[in-house]
Amino acid sequence: MTTYRIGQIVPSSNTTMETEIPAMLRARESRFPERFTFHSSRMRMHKVTPEELKAMNSQGARCAAELADARVDVMSTACLVAIMAQGPGYHRHTETELRQAARDNQCDAPVMTSAGALVEGLEILGARKVALLAPYMKPLTEKVVAYIENEGVQVSDWRCFEIPDNLEVGRRDPLKLIEDVAELKTAGVDAVVLSACVQMPSLPAIQTVEDALGIPVVSTAVCTVRGMLDRLGLEPVVPGAGALLSGRYPTQEAKTP
């Protein structure tokens, strides 16, 4: 039996990624022999504002070095908007920077970002048109939409809940998303992003909404788990976590470490 160490770079006020990522991988353990442990390093952030997000990003290299000390097997950031708010394609710059910090500290683990994972997840699904929900203020949500569209995916409809306090985002009832998604125009879309945010809980609603809509439903957390499993070379299957983790979309090629 192999045990993998999962490393996450987490905003200090984030309470969701250290809940949903382990929940998905624990569910996977019911079907597969691999086991997982979970390790985090934190970046200070309270309010989801451009200023705090930029300041938080500057702490990433330190966090990557700390996770490198634990010799994690895969490393990912756990904040989508902090990266997408910096402009198109910024996840690639971040991944390069964090990878170098890991390598400088004798860790050769694959390094990814939750922002890049969402882009990859939609690509795996073949989604060219999506609808999404996000908790951010409208100007930040518009940046997220523009970022995704710059990656070649049309966002045909979106809603944001305008919650600036990151702790409040984490306290939101994920089952409310079942009602919220009814306000989205989903006709003709290839997929729905139920939570374009790593802090807004959504896992308990993913499969329910997907079953109701009859199209793939993902979240940033779901896409992050998919990216982790792909990079570890493991079968991307998690029961009850939607199409992307159903096994119907096999890994097409190895991801860049």
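The values are calculated or read from the model by the stated rules, or taken from the named source; none is laboratory data. Computed from a prediction, not measured in an experiment: that's the story for all the values here. Cβ placement follows ideal geometry from the backbone for every residue including glycine, while neighbour counts extend to all protein chains displayed. In case anyone asks, the SASA skips ligands and DNA or RNA and just uses the protein heavy atoms, side chains included. Shrake-Rupley method; radii C 1.70, N 1.55, O 1.52, S 1.80 Å.
The table for this structure:
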read-out	value
In Å², nearest 10: area of residue 36 left accessible to a 1.4 Å probe	10 Å²
Residue 248-residue 175 pseudo-label distance in nm [points 7 Å out on the Cα-to-Cβ vector]	2.6 nm
Label-point gap, in nm, between residue 35 and residue 123 - each point 7 angstrom along Cα→Cβ	3.4 nm
Rg over Rh, two decimals, the stretch 60-170 (C-alpha only, Kirkwood Rh)	1.02
The stretch 1-20 residues near the modelled residue 106 label - backbone nitrogen below 20 Å, point 7 Å along Cα→Cβ	5-7
Kirkwood Rh, angstrom, the stretch 1-103 [1 / mean 1/r, Cα pairs]	14.3 Å
The chain, relative contact order [Cα under 8 Å, separation at least 6], %	21 percent
Amide H contacts of residue 189 (H built 1.01 Å from N, under 5 Å, at least 5 apart or other chain)	none
Contour excess over end-to-end distance, with Cα ends at residue 97 and residue 151 and 0.36 nm allotted per residue	17.4 nm
The chain: antiparallel DSSP beta bridges as a percent of all, rounded to 5	5 percent
Extended-chain gain in nm, criterion 0.36 nm per residue less alpha-carbon gap, residue 70 and residue 168	32.2 nm
With DNA, RNA and ligands ignored, accessible area of residue 137 (1.4 Å probe; Å², nearest 10)	70 Å²
Fraction of antiparallel bridges per DSSP, the stretch 35-180 only, in percent to nearest 5	10 percent
Amide H partners (placed H, <5 Å) of residue 38, local residues excluded	6
Listed residues 201, 174, 16: farthest to the positive end of the dipole of the chain (Cβ charges)	16
Global form of the stretch 165-236, assessed from the alpha-carbon gyration tensor, a/c cut-off 1.5	oblate
Helix runs (DSSP H) in the chain reaching 15 Å along axis by Cα, Kyte-Doolittle at least 0.0	114-125, 203-213, 220-232
Sequence-separation-based contact order of the stretch 113-257, relative, with Cα cut under 8 Å and 6+ spacing, percent	26 percent
